[in-house]
Amino acid sequence: MTAGVLRTVPLAGELTASLISRVAAGYGLAAGSVLRLWTCRNSPVRHDGGGVRADAEVVLNEAGRGALAELCGVEAAVLARALPAFTVDDPKISTGREAALAQARWRAAGTVAGEAAFGCRLCTARRTGQALRAVRAGVEPEQAFAVAHAVVARWWEQALYWEQEKVWPWRLHQLAGGRVGSRLEWWRIVGQDAAIFPEVAAVAQALLEPAMAELAWRASGGMRPRARGDDDVFCHRLGERVGRTWLGPELAADHRSPLNDFTGVIVRARREAGPPGWGDPWRLKREQQPATPPH
């Protein structure tokens, strides 16, 4: 699993489920999407009306605890001091053949955490400064990750035709517990956000960097515009950032993608002045917004 871009600091006495929910919110994702990073065989207790009870808590096995620490950008020891249920062991996920996989199990908070609560996202953001990296770039974190998610979701749609793509099929197989079978299309829908999360984080970080904007400008020909080709240095660099050195030409050839719109706005804004808002690369068109998988 790739480390998260945003550092999410736990609050003392917070539920582990609360921390995961705040991590998801920071990336503009539903909590269920991030929870799919852990294999989970049971469901949280719900009210008669269908909603998840406020005392629903998750416990993690050793591999799962390591995954959460990496995702938050916080040492496991820090999480252990803050989260009452972080070190709770459940034999059903800590032993057996799948113990090496990052696993989670829903429990009642009172039985594993004692007094614990959900942390308010806004209060936590103020106390921990978790949004400071994107804000310094003049972008709200939700905007950056919405664009990155749209970019990578487009790749996910095309990846079935990329012979060199090996990471996502393996990752989806792991998310399905090794049982994709004849339900490939179903798993591609419900497992999408979890499967592409590391790439979304990497792309969000790349798109926020001034050096990448400079590469987009150079690739466009600057003040002497030229058509995007296989030698597009921006696309090649982005492919390298997600661990796919072969991806550059594929990205350069897709002229209707959210990525093309993003770089197009950056380049256009440098070439000529326009009305307010026309030079905002973080404004995602409605038709570019990917469908939300069911949770």
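Pulled fully out, how much extra length does the chain show between residue 52 and residue 224, if you take 0.36 nm times their separation in residues and subtract their Cα-Cα distance?
56.2 nm
Dividing the alpha-carbon Rg of region 160-295 by 2.2 N^0.38 Å yields what?
For region 160-295, the normalised Cα radius of gyration comes out at 1.19.
Using a 1.4 angstrom probe on the protein heavy atoms only, could you order 189, 20 from most to least accessible area?
189, 20
Accessible area per residue of region 173-295 at 1.4 Å probe, in Å²?
Accessible surface, normalised per residue, equals 53 Å².
So, in nm, how far is label residue 256 from label residue 184 when the simple model puts each one 7 Å beyond its Cα toward the Cβ?
2.4
At a 10 angstrom cut-off on C-beta neighbours, averaged per residue, how do the peptides 225-231, 106-112, 201-207 rank from highest to lowest? If you can, show how the numbers build up before the last one.
Working: 225-231: 11.4, 106-112: 17.1, 201-207: 22.4.
The packing order, highest mean first, is 201-207, 106-112, 225-231.
Modelled label-to-label distance, residue 269 and residue 283, 7 Å Cα→beta-carbon offset: nm?
1.1
Say each of residue 89 and residue 161 gets a label point 7 Å from the Cα, pointing the same way as Cα to Cβ; how far apart are those two points in nm?
5.1
Accessible area per residue, 1.4 Å probe, Å², for region 1-113: what's the number? Please list the in-between numbers first.
Details: 4890 Å² over 113 residues.
Dividing the accessible area of region 1-113 by its residue count gives 43 Å².
For region 27-98, which whole percent of the accessible surface, found with a 1.4 angstrom probe, sits on carbon and sulfur atoms?
Carbon and sulfur: 50 percent of the exposed surface of region 27-98.
Quick one: ranking 53, 224, 22 by accessible area, 1.4 Å probe, largest first, what do you get?
Ranked from most to least accessible, the order is 224, 53, 22.
For region 228-270, taking Cα atoms only, what is the radius of gyration to one decimal and the Dmax to the nearest whole Å?
Rg and Dmax of region 228-270, Cα atoms, are 10.2, 30 Å.
What chymotrypsin sites (Phe, Trp or Tyr not before Pro) in region 194-264 are in a loop by DSSP, with at most 14 other Cβ atoms within 10 Å of the Cβ?
Taking region 194-264 and a limit of 14 other Cβ atoms within 10 Å, the loop chymotrypsin sites (Phe, Trp or Tyr not before Pro) found are 246.
Need the full-extension length gain, residue 173 to residue 30, defined as separation in residues times 0.36 nm minus the C-alpha distance. One decimal, nm.
49.3 nm
The values are calculated or read from the model by the stated rules, or taken from the named source; none is laboratory data. All of these numbers come straight from a predicted model, not from anything done at the bench. Cβ sites come from the backbone with ideal geometry, for glycine too, and all protein chains shown count toward neighbours. Heavy atoms of the whole protein, side chains included, go into the accessibility calculation; ligands, DNA and RNA do not. Shrake-Rupley method; radii C 1.70, N 1.55, O 1.52, S 1.80 Å.
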